Amino acid sequence: MIDIETLGTGPDACILTIAAQCFDPLKRSELENQKTYYARIDTESQPDRNIQQDTLEWWASQHPDTREEAFSENNRVPLDQALSDLGKLIWQSKRFWANGPTFDANILEHAYKSYNMALPWQFFNVRDARTVYGLVPNLAKYPASHHALEDCRRQIYLLWDALDFLQIRELV
């Protein structure tokens with residue numbers, strides 16, 4: 001599962017944080033025992049990526065702890081390094097799950113292409129978790145924290161709940 005936090009909503013949005021959490025969609029397990037990736041991205045390493053005023057205003061309305069996590073200057077890495085590190089994890093995965101088909105994957109794809117880096121996933125392996133949730137009436141929703149790794153895990157729990165409800169035992 002992938003989740004990112006950004007300073008815009010378009011494909012060229014400036015990226016604040018990137019997270020990935022490995023998991024088996026058909027078997028619940030302790031996520032803390034699975035491979036993860038989390039990085040705060042140096043915004044100065046992204047001079048050509050877009051920052052939108054309305055997104056900055058949205059961030060200003062978030063809880064102070066949420067803003068601190070997203071905007072802390074500690075341990076920031078350049079975007080190209082983060083993409084390289086993320087790619088090493090994704091190459092090992094059978095599927096690339098995200099919440100929605102047009103946000104996380106599109107922004108990451110644009111970023112990889114802007115550095116002339118190969119995509120670490122095949123387009124036909126991208127999966128949309130939000131569509132699966134939508135198949136389950138009254139699925140209990142957990143609120144997003146806007147901490148990318150926490151949200152990856154929240155999305156996995158929602159996906160597990162939805163797949164259990166739908167009695168899905170195999171994915172192609």
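No value in this document is a laboratory result; all are computed from the given coordinates. Quick caveat: nothing in here was measured; it's all calculated off a predicted structure. Here the Cβ positions follow ideal geometry from the backbone for every residue, glycine too, while neighbour counts run over all protein chains shown.
Suppose we keep only residues that are among the polar types (S, T, N, Q) and under 16 Å from the mean Cα position of the chain (by Cα) within segment 132-167. Which one would you say is farthest from ARG28 (Cα to Cα)?
At the first step, the residues of segment 132-167 found to be among the polar types (S, T, N, Q) are 138, 145, 155, 167.
Of the ones still in play, those that are also under 16 Å from the mean Cα position of the chain (by Cα) are 145, 155.
Details: SER145: 21, GLN155: 13 Å.
Among those that are among the polar types (S, T, N, Q) and under 16 Å from the mean Cα position of the chain (by Cα), it is SER145.
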Quiz item: Is it the case that PRO11 is exposed (fewer than 15 other Cβ atoms within 10 Å of the Cβ) and over 30 Å from GLN167 (Cα atoms)?
Solution: no
Exercise. Find the residue count for segment 132-148, including only residues that are touching a residue at least 12 places away in the same chain (Cβ under 8 Å), surrounded by 13 or more Cβ atoms within 10 Å (Cβ to Cβ) and farther than 19 Å from LYS88 by Cβ.
Key: 8
Practice problem: Mind listing just one residue for me: the one in segment 72-90 that is in a helix (DSSP H, G or I) and of a type in the set (S, T, N, Q) and, of those, farthest from LEU171 (Cα to Cα)? | Solution: GLN81
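Please indicate, with yes or no, whether at least one residue in segment 61-71 is charged (D, E, K, R), surrounded by 14 or more Cβ atoms within 10 Å (Cβ to Cβ) and part of a helix (DSSP H, G or I). Spell out how you get there, then give the answer.
The first filter runs over segment 61-71 and keeps only residues charged (D, E, K, R), leaving 65, 67-69.
If we keep only those that are surrounded by 14 or more Cβ atoms within 10 Å (Cβ to Cβ) as well, we get 67, 69.
When the remaining residues are screened for being part of a helix (DSSP H, G or I), the result is 67, 69.
For segment 61-71, residues charged (D, E, K, R), surrounded by 14 or more Cβ atoms within 10 Å (Cβ to Cβ) and part of a helix (DSSP H, G or I): present.
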Quiz item: Mind checking whether some residue in segment 116-131 is without any contact (Cβ under 8 Å) to a residue 60 or more places away in the chain, loosely packed, with under 15 Cβ neighbours inside 10 Å and closer than 20 Å to LEU31 by Cβ?
Solution: no
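Filtering segment 91-111 down to residues that are in a helix (DSSP H, G or I) and among the hydrophobic types (A, V, I, L, M, F, W, C), which residue is farthest from ILE156 (Cα to Cα)?
Applying the first criterion (in a helix (DSSP H, G or I)) to segment 91-111 yields 104-111.
Subset that is among the hydrophobic types (A, V, I, L, M, F, W, C): 105, 107-108, 111.
Details: ALA105: 16, ILE107: 20, LEU108: 19, ALA111: 24 Å.
My answer is ALA111.
With among the acidic types (Asp, Glu) and in contact with a helix residue (DSSP H, G or I) (Cβ under 8 Å, 6 or more places away or on another chain) as the only criterion, which of ASP104, ASP80, ASP164 stands out? Write out each step before concluding.
Working: ASP104 fails: in contact with a helix residue (DSSP H, G or I) (Cβ under 8 Å, 6 or more places away or on another chain); ASP164 fails: in contact with a helix residue (DSSP H, G or I) (Cβ under 8 Å, 6 or more places away or on another chain).
That would be ASP80, the only listed residue that is among the acidic types (Asp, Glu) and in contact with a helix residue (DSSP H, G or I) (Cβ under 8 Å, 6 or more places away or on another chain).
Quick check on segment 82-93: of everything there that is over 16 Å from CYS14 (Cβ atoms), touching a residue at least 40 places away in the same chain (Cβ under 8 Å) and not charged (D, E, K, R), which residue is surrounded by the fewest Cβ atoms within 10 Å (Cβ to Cβ)?
Kept after step one, since they are over 16 Å from CYS14 (Cβ atoms), are these residues of segment 82-93: 84-93.
From what is left, the residues that are touching a residue at least 40 places away in the same chain (Cβ under 8 Å) are 85-86, 89-90, 92-93.
Filter once more, so that each one left must be not charged (D, E, K, R): 86, 89-90, 92-93.
Details: LEU86: 22, LEU89: 16, ILE90: 19, GLN92: 10, SER93: 17.
Ranking the qualifying residues of segment 82-93, first place goes to GLN92.
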